[in-house]
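Here's the structure we're looking at; comments come further down.
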Number of protein chains: 4
Amino acid sequence: MAGLTTEQRVRRAAIKLFAAKGFHGTGIRDLAQAAGLSSASLYHYMGTKEELLAELMRESLDRLLTTATTAVSGVDSPVERLGRLVVLHVLTHAAQPNETRVVDHEVRALSASARREVVRLRDDYERLWADAIADGIRAGEFTSPEPSLARLALLEMCNGVARWYSPRGPLGLDELATNYAQMAMRLVGGPEQALPSFEYCRDLVSKTWNRRR
Amino acid sequence: MAGLTTEQRVRRAAIKLFAAKGFHGTGIRDLAQAAGLSSASLYHYMGTKEELLAELMRESLDRLLTTATTAVSGVDSPVERLGRLVVLHVLTHAAQPNETRVVDHEVRALSASARREVVRLRDDYERLWADAIADGIRAGEFTSPEPSLARLALLEMCNGVARWYSPRGPLGLDELATNYAQMAMRLVGGPEQALPSFEYCRDLVSKTWNRRR
Amino acid sequence: MAGLTTEQRVRRAAIKLFAAKGFHGTGIRDLAQAAGLSSASLYHYMGTKEELLAELMRESLDRLLTTATTAVSGVDSPVERLGRLVVLHVLTHAAQPNETRVVDHEVRALSASARREVVRLRDDYERLWADAIADGIRAGEFTSPEPSLARLALLEMCNGVARWYSPRGPLGLDELATNYAQMAMRLVGGPEQALPSFEYCRDLVSKTWNRRR
Amino acid sequence: MAGLTTEQRVRRAAIKLFAAKGFHGTGIRDLAQAAGLSSASLYHYMGTKEELLAELMRESLDRLLTTATTAVSGVDSPVERLGRLVVLHVLTHAAQPNETRVVDHEVRALSASARREVVRLRDDYERLWADAIADGIRAGEFTSPEPSLARLALLEMCNGVARWYSPRGPLGLDELATNYAQMAMRLVGGPEQALPSFEYCRDLVSKTWNRRR
DNA sequence: CATGAATGAGCGTTCATTCAT
DNA sequence: TATGAATGAACGCTCATTCAT
């Protein structure tokens with residue numbers, strides 16, 4: 001925990017606890033204890049508990065969206081674009097499972113207005129996937145009878161990684177990502193040997209998440 | 001709500017609310033109101049809130065496991081088995097999204113002992129998938145470099161259905177299930193034209209879920 | 001429990017539980033279970049919980065007062081009267097410890113009006129002791145500088161029996177009663193060899209408590 | 001109430017209410033009101049209601065045991081020892097009737113483990129009495145056919161003081177204590193003119209109870 | 001910055017009691 | 001007689017939040 005500001009410690013504690021026990025299952029006192037503060041002091045570093053959640057979610061989605069936009073912009077090949085999206089998504093979910101779980105599970109805990117923002121970010125992100133799939137079909141590289149279904153299936157299957165992947169397990173990040181990219185390509189009927197550069201994606205993810213808020 | 005016993009009304013209310021707001025986000029008074037009772041009366045029909053959750057989860061998983069076991073037992077072809085599992089899973093998640101969401105999201109809210117039971121049921125269920133995939137690979141019908149990854153990817157992708165499918169949307173249950181079966185076959189490199197009987201699976205699911213507890 | 005009416009079972013259960021856990025520590029459901037009834041059925045045999053307590057206390061005190069009045073009326077000797085009071089009191093407290101404990105501990109749980117009745121009965125009972133002591137002093141058989149103090153000391157010391165006496169312990173009822181009578185005589189400076197008839201008192205107590213309500 | 005910390009106010013309120021209405025008859029809201037706090041604030045100054053009770057009882061018994069041990073240690077004469085024990089006990093029960101009533105009445109409300117501690121303290125205390133009586137008999141100064149009975153009778157008779165003594169009544173503490181010492185001596189057949197120093201005992205009690213926790 | 005103190009509101013649960021059957 | 005069903009009120013306790021210091 002050395003080198004972290006108190007605010008960062010609060011946010012880390014929140015992410016960890018919200019991921020592990022849920023937003024409603026995490027008390028303000030749990031948070032305070034995990035951050036090494038009194039519960040009163042917590043309020044120097046956050047608004048309400050719900051505002052903290054909203055911030056964390058917006059930030060996580062922001063990073064994901066930014067990274068993905070960077071990765072696919074200017075890339076013509078839909079195959080390459082979809083491949084990059086899958087690998088980025090999987091790497092992010094494997095490397096930041098707590099952030100990811102919070103984003104995926106706690107939308108319902110947000111107030112209406114915060115939820116709207118988050119949903120909009122999520123929609124923007126999913127559009128990148130939808131576009132890659134649609135372009136791939138148009139270009140004759142993918143064959144999906146129901147492109148929306150494919151998108152949803154792909155996203156859910158990749159989200160799942162956050163729920164079970166462990167760096168102490170048998171699979172390295174590269175194998176994990178490559179396998180998922182292959183499964184994704186198969187799922188949309190694309191060329192499965194055409195996989196994106198793992199190193200490129202890994203560096204992109206790492207750059208995004210090491211950048212301090 | 002006609003024709004339901006009070007206990008059933010309580011359980012339905014619990015499933016709906018736990019699915020919508022989470023276990024910790026649902027108060028006993030919410031539950032009572034949704035069931036049309038006072039909060040004191042609730043306790044004629046349940047033990048503690050947590051015991052109610054545990055019962056609901058066990059029952060849902062029990063049904064899923066029973067249905068799936070029925071569907072695959074005695075079937076030799078791994079392709080047919082996996083196909084049926086996918087269709088059953090998708091139909092169940094589309095038709096009973098609340099039960100399913102609770103099962104998938106609220107394991108962490110269970111006490112240690114209840115969690116053990118639920119995890120065991122889930123493990124039994126996943127074994128059916130693992131066996132079908134492993135047998136398919138052995139028989140040369142599937143080609144998956146990492147069978148466990150394939151199983152996890154398939155399950156997560158099918159779970160997702162409960163989060164977004166709406167019977168009022170453009171897709172019917174048959175299209176939904178058939179598409180998922182096709183995507184699943186592609187994902188494991190199997191023969192995608194060999195799809196299981198939708199009617200058979202639909203009847204099985206319907207029989208399981210119409211049976212009153 | 002054979003041969004008891006349901007009402008008697010209820011009263012016995014109440015006495016036992018009120019003695020063991022206190023009036024406020026005993027729930028209506030405890031009572032029902034101990035009496036072998038549903039809590040609703042209980043109300044066929046009692047008024048409110050508090051009325052039940054009041055009845056039990058009045059009845060116990062009534063018996064004690066009646067027995068004691070019988071034992072001392074027409075007896076001239078204050079020594080004999082005080083001796084009988086001590087033996088009766090001790091025997092009652094040893095044989096009916098639950099009734100006694102309730103009477104001694106739960107006055108505060110009564111409503112004002114019920115408390116008044118109970119206190120009046122108690123006062124009548126204590127008057128018998130006060131008279132015996134005063135007469136003994138007047139007759140030169142007792143020497144107590146503060147007769148009220150002696151009365152209170154005697155009563156409390158005898159009440160204590162209900163808190164610890166066990167028929168399975170080393171002391172029989174006769175030794176117990178005789179010893180207490182001796183200690184009492186000493187305490188008021190009376191002739192300690194002049195002890196009342198144990199058999200007479202035992203029979204009186206036994207007659208009083210075997211009489212069904 | 002001036003000069004008291006909030007914690008002390010809470011404890012005083014608890015002692016007063018537990019004594020007056022019993023542990024189970026006292027609600028957390030009663031406690032809060034008597035202490036001048038909200039029921040939530042109460043929990044800054046105590047653990048659970050039951051832990052508060054246990055603390056209060058342990059502390060009261062601790063003081064009693066300490067005072068009594070001080071008073072009798074190094075004293076050879078059993079007559080003097082028993083006399084001091086009686087006077088200390090009576091003074092304590094007259095001066096701190098609430099503490100005393102709680103200790104004497106609410107043992108049953110304790111959890112098993114707290115009860116064990118309290119009973120052990122009580123046993124240690126009663127041993128001082130048992131030793132004084134046994135030594136007195138051995139020395140030929142007391143004549144008690146059943147020493148245990150004498151001990152129990154003495155203790156109960158002295159406990160009673162807390163139930164009725166009022167400083168606004170006709171008796172001063174000195175008369176009260178002296179009379180009880182005399183009655184006690186008579187009860188065990190000891191020399192009743194040999195009474196312990198009232199002033200010594202009064203100062204000891206007062207020192208013990210004025211010491212702030 | 002940091003926190004002890006404080007609280008209104010609410011938590012899950014149990015209370016004593018009633019009543020239709 | 002007997003009870004399942006029902007409930008308003010209260011239980012002991014924790015919640016997220018504020019604020020004076």
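Taken together, the values in this text are just the output of simple stated rules run on the coordinates, not laboratory data. Just so we're clear, the structure is a prediction, and the values are computed from it rather than from any experiment. FYI the Cβ positions are ideal-geometry reconstructions off the backbone, even for glycines, and counts take in every protein chain you see.
Descriptive notes on the structure:
- Restriction of the trypsin sites (Lys or Arg not before Pro) in the range C:143-206 to DSSP coil positions whose beta-carbon has at most 16 other beta-carbons within 10 angstrom yields C:R168.
- Helix-only CD estimate at 222 nm, as mean residue ellipticity for the protein assembly as shown, using -39500 (n - 2.57) per DSSP H run (n ≥ 4): -23000 deg cm²/dmol
- Cut-off 15 Å, label 7 Å out along Cα→Cβ of D:E117, residues of the range D:28-59 by amide N: D:46-59
- Per the Cα gyration tensor, the protein assembly as shown maps to an equivalent ellipsoid with semi-axes of 81, 32, 21 Å, ordered largest to smallest.
- Dipole magnitude for the protein assembly as shown: computed about the Cα centre from +1 point charges on Lys and Arg Cβ and -1 point charges on Asp and Glu Cβ, it is near 1160 debye.
- Take each residue in A:174-186, count the other chain C-beta atoms within 10 Å of its C-beta, and the mean is 4.
- Between A:D131 and B:E199, the simple spin-label model (points 7 angstrom out along Cα→Cβ) gives 4.6 nm.
- Each other copy holds its own label point for D:E199; taking that point as 7 Å from Cα along Cα to Cβ, the gaps run 5.8, 9.9, 11.1 nm, nearest first.
- Annotation note: chymotrypsin sites (Phe, Trp or Tyr not before Pro) in the range B:158-190 located in DSSP loop regions with a Cβ neighbour count of at most 12 within 10 Å are absent.
- Both radii come from the Cα set of chain A: Rg as radius of gyration, Rh as Kirkwood radius; their ratio Rg/Rh reads 1.01.
- Chain D, closest residue to the rotation axis toward A, by beta-carbon, whole angstrom: D:A40, 3
- Taken over the Cα atoms of the range C:38-80, the convex hull encloses 81 Å³ per residue.
- Burial ordering of D:M157, A:M183, fewest other beta-carbon atoms within 10 Å first: A:M183, D:M157
- Cα centroid separation - the range D:1-39 against the range D:177-206, whole Å: 34
- Chain B: angle of helix B:198-210 to the longest principal axis, Cα-based, in degrees nearest 10: 20
- Highest-MSF residue in chain D out of D:A71, D:A95, D:A40 [GNM, Cα springs under 10 Å]: D:A40
- Of the cross-linked pairs A:K49/A:K207; B:K21/D:K49; B:K16/B:K207, those separated by over 31 Å at the C-alpha level are B:K21/D:K49.
- Label-point distances for C:G27 to the equivalent site in the other copies, using a point 7 angstrom along Cα→C-beta, read 1.7, 2.3, 2.3 nm when ranked shortest first.
- Cα-based helix-to-principal-axis angle, A:78-95 vs chain A, degrees rounded to 10: 30
- The dipole here belongs to the range D:148-199: it is taken about the Cα centre, uses +1 on the Cβ of Lys and Arg and -1 on the Cβ of Asp and Glu, and is about 200 debye.
- For the range B:163-213, the square roots a ≥ b ≥ c of the C-alpha gyration tensor eigenvalues yield an a/c of 1.5 or more together with a/b not exceeding b/c, which makes the shape oblate.
- Over chain A, Cα pairs under 8 Å with separation of 6+ residues give a relative contact order of 25 percent.
- Distance from the Cα centroid of the range B:88-146 to that of the range A:52-90 is 29 Å (rounded to whole angstrom).
- Projecting the Cα positions of D:G25, D:S148, C:G140 onto the charge dipole of the protein assembly as shown (unit charges on Cβ atoms of Lys, Arg, Asp and Glu, taken about the Cα centre) puts D:G25 furthest along the positive direction.
- Oblate is the label for the range C:87-165, because a/c, from the alpha-carbon gyration tensor with a ≥ b ≥ c as root eigenvalues, is 1.5 or above and a/b does not exceed b/c.
- Anisotropy class assigned to the range A:115-213 is oblate, per the alpha carbon gyration tensor with a/c at or over the 1.5 cut-off and a/b no larger than b/c.
- Tilt relative to chain C, helix C:147-159 - C-alpha long axis, 0 to 90 degrees, to 10: 50
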